[in-house]
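Just below is one structure, and these are the notes that go with it.
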Amino acid sequence: MRLTNDQKKIFILTILVFILAISLTMQYSYLLFHVISEFFSIIIAGVIFVIAWNSRDKLDNGFFLVIGISFFFIGTLDLVHTLAYKGMGIFTGYDANLPTQLWIAARYMEAISFLIAPFFIVRRVHVGGFFWGYFIITTSLFILIFRRYFPDCYIEGSGLTSFKIISEYIICLILVLAIYLLYKNKHAFSKDVLILLYGALIATIGSELAFTSYISVYGPANFLGHILKIIAFALIYQAIVVTGIRKPFEMIFRNLSESEKKYRGLFENMDEGIAVFSLIFQDNKVVDYQFTDLNLQYAQMMGTDPDQLIGKTGKEIYNTAPPPHIQQFEKIARDGISERFIVFYKPELKYYAISAFSMGKNTIATVVADITAMKVSEGALIRANQKLQLLSQITRHDINNDLSLAYASIDLIKNRLPEEPEVDQYFSYLRESIDAINSKISFTRNYEQMGTQKPTWHLVRKVVDDVHVSNPRFSNIKLNNNLGDLKIFADMMLQKVFANLMDNSVRHGETVTRISLSYKVSETGCHIYYEDNGVGISPKSRVSLFEPGYGATHGFGLFLIKEILLLTGIGIYEDGKDGRGVRFVLQIPKGGYVDPGSMNNG
């Protein structure tokens, strides 16, 4: 969110007044100036931590959370630095080296935190890990410093040590790298936040450079360094707390208000009726419900106005006890699941589809759609299909009678004529033509049956075994059935699939003596493999293998197989080697199979 010009002016004026005010305290005591300036940054560090910590579940930019956590420990180091400052007299036995060591430790932590924070702009921040990590680092620094293992940073009488000066330059370099990373990720920040962060880091660099040249801890360079630190922390506060966190929360609430208006508009203008109910309990059992909200469409379905329903109970509206759908509502409230059911309202002769779901404790919402027209159309479609099926059955019956007469006529004529090869060949052509007609009639009967019954779960091994033993033509073929307890969800005509596959092996395999079935489960689904040891299928024939009418015997078998399997999303293809038998592969999608022997079930 952009800052207004007035907000910018107020912020700048406030900082200038504060700097002027604490500068005047130097006329009385530099120690007082130091305490006030340090406590300013300590308070800001604490505020940043508290707000970032309490907003951790709502922040989608991990940068602010990393900085928020780090500033708690930076503020802790600065607090001990302030208490240890020369003249405070709290830590006896230590000189000006102690606060300088604490200062350099805090600045290293601050610089490194700004360096790593950009890497968590879009990454998830493990809050507990970060907090305890900083806790361990801070504790370790205190132990090293107070046990005098930390390198000296200030020596009375000679000033800053080489370690301190070099460290300040290293910190400046780290901050420059942090500025570069912010620039690389500028798309993740508003323009105002980015400018404020740039300013804070540049002021921090200036502060560190000032702290490379002082000899006395009460000198002007030390004073300038603290002034720049105040400016840096003020900019960080403005960037992270005011602009980066608080303003977005204001936007969240404004967006929520706009969303409420938007969804209220959707609620009021939907074609479906929507109602919200508050359940009424008696002895831990749902006995009634009260209308708490509904749209105009629902009221119109009820033949009244919304105001006439809101606040009323189901018993009052329907004049029945218990009111309609009370069992479904109680189940939803108890199990927390949604329910969908269809009801027929006799007074108006209308059908309604009702979707009901929980909106929280003891609150149920329903979406009601008038499906009367769909039900009428569905009934008309069922009656039309029944008429077509009847016509198809009668037509097939009449054609089969005519075909039987044609077969008988061929036999009678053939017996009356003398045997001649040319005449016998004509009769053979005629019989093949009648056979083709009979095959097509048989196909229409099978195709008509497809999808007329609900799909179900099949134990595939049993289906294959039943097909093998049911037809004497398959008795001479050895069956290796390795399908175990695999079940697949398929049409009731699944048996026809394997019957046609075996029939094709017998008719066209020429040398088939063995049929094998196996399966394999993978992450993408389940594959069933049907293989024989016949002559196989040529690559050229494989292209149109599943097209209607393909084959030497007016074949619709493989086309029928494909259509039956597709009813439940099962695919099929052939990838055997020419001359080495066929291999048909059935592809069962996830959710369409159950394999008790595998952990990877669909």
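Side notes on the structure shown:
- Filter result (free of Cβ contacts under 8 Å to residues at least 40 places away in the same chain, part of a loop (DSSP other than H, G, I, E, B) and surrounded by 15 or more Cβ atoms within 10 Å (Cβ to Cβ)) within the range 334-383: 371
- The one condition from (1) among the acidic types (Asp, Glu); (2) in a loop (DSSP other than H, G, I, E, B); (3) open to solvent by less than 60 Å² (accessible area, probe 1.4 Å) that residue 288 does not meet is (2).
- Flag if residue 179 is out of contact with any strand residue (DSSP E or B) (no Cβ under 7 Å at 6 or more places or on another chain), under 21 Å from residue 102 (Cβ atoms) and open to solvent by 30 Å² or more (accessible area, probe 1.4 Å): no
- Qualifying residue in the range 55-63 (condition: touching a Ser or Thr at 6+ places or on another chain (Cβ under 8 Å) and either part of a loop (DSSP other than H, G, I, E, B) or at negative phi (or both)): no
- Residue among 83, 20 that is out of contact with any strand residue (DSSP E or B) (no Cβ under 8 Å at 6 or more places or on another chain) and either charged (D, E, K, R) or more than 28 Å from residue 169 (Cα to Cα) (or both): 20
- Condition check for residue 561: β-branched (Val, Ile, Thr), surrounded by 15 or more Cβ atoms within 10 Å (Cβ to Cβ), at pLDDT 85 or above and farther than 29 Å from residue 433 by Cα: no
- Filtering the range 193-225 to residues that are modelled with pLDDT under 80 and farther than 16 Å from residue 110 by Cβ leaves 212, 213, 214, 215, 216, 217, 218, 219, 220, 221, 222, 223.
- Among the residues here, residue 171 qualifies as touching a residue at least 12 places away in the same chain (Cβ under 8 Å) and closer than 14 Å to residue 114 by Cα.
- Scanning the range 307-333 for residues that are small (Gly, Ala, Ser) and part of a loop (DSSP other than H, G, I, E, B) returns 311, 321.
- In the range 123-134, of all residues being over 19 Å from residue 101 (Cβ atoms) and open to solvent by less than 90 Å² (accessible area, probe 1.4 Å), the one that is nearest to the chain's Cα centre (by Cα) corresponds to 125.
- Filter pass, residue 52 being small (Gly, Ala, Ser), in a helix (DSSP H, G or I), in contact (Cβ under 8 Å) with a residue 60 or more places away in the chain and open to solvent by less than 20 Å² (accessible area, probe 1.4 Å): yes
- Residue match in the range 140-163 (condition: polar (S, T, N, Q), open to solvent by 70 Å² or more (accessible area, probe 1.4 Å) and not in a helix (DSSP H, G or I)): yes
- The range 58-106 - residue that is β-branched (Val, Ile, Thr) and without any contact (Cβ under 8 Å) to a residue 60 or more places away in the chain and, of those, farthest from residue 121 (Cα to Cα): 92
- Neighbours by Cβ (under 7 Å, 6+ apart or cross-chain): first from the range 286-299, over 11 Å from residue 365 (Cα atoms) and among the charged types (D, E, K, R); second outside any strand (DSSP E or B) and open to solvent by less than 10 Å² (accessible area, probe 1.4 Å): 288/314; 288/323
- Residue among 546, 489 that is under 28 Å from residue 455 (Cα atoms) and at pLDDT 85 or above: 489
- For residue 55, the test of being closer than 30 Å to residue 127 by Cβ and hydroxyl-bearing (Ser, Thr, Tyr) is passed.
- Condition check for residue 297: at pLDDT 85 or above, assigned to a helix (DSSP H, G or I), among the polar types (S, T, N, Q) and touching a strand residue (DSSP E or B) at 6+ places or on another chain (Cβ under 9 Å): yes
- When 120, 71 are screened for being aromatic (Phe, Trp, Tyr), crowded, with 16+ Cβ neighbours inside 10 Å and farther than 21 Å from residue 206 by Cα, only 120 passes.
- Residue-level check: of (1) at pLDDT below 85; (2) open to solvent by less than 40 Å² (accessible area, probe 1.4 Å); (3) under 15 Å from residue 280 (Cα atoms), residue 321 misses just (2).
- Residue in the range 103-117 that is at pLDDT 85 or above, under 28 Å from residue 143 (Cβ atoms) and part of a loop (DSSP other than H, G, I, E, B) present: no
- Considering the conditions (1) closer than 26 Å to residue 67 by Cα; (2) buried (at least 19 other Cβ atoms within 10 Å of the Cβ); (3) of a type outside the set (Val, Ile, Thr), residue 97 is excluded by exactly one of them, (1).
- Within the range 482-541, strands (runs of 3 or more DSSP E) holding 2 or more residues that are of a type in the set (Lys, Arg) and open to solvent by 40 Å² or more (accessible area, probe 1.4 Å): 514-522
The values are calculated or read from the model by the stated rules, or taken from the named source; none is laboratory data. Predicted, not measured: the structure shown is a model, and the values here were computed from it. Note: ideal-geometry Cβ built from the backbone for every residue, glycine included; neighbour counts use all protein chains shown. Note: accessible area is taken over every heavy atom of the protein model, side chains too, but ligands, DNA and RNA are not part of it. Shrake-Rupley method; radii C 1.70, N 1.55, O 1.52, S 1.80 Å.
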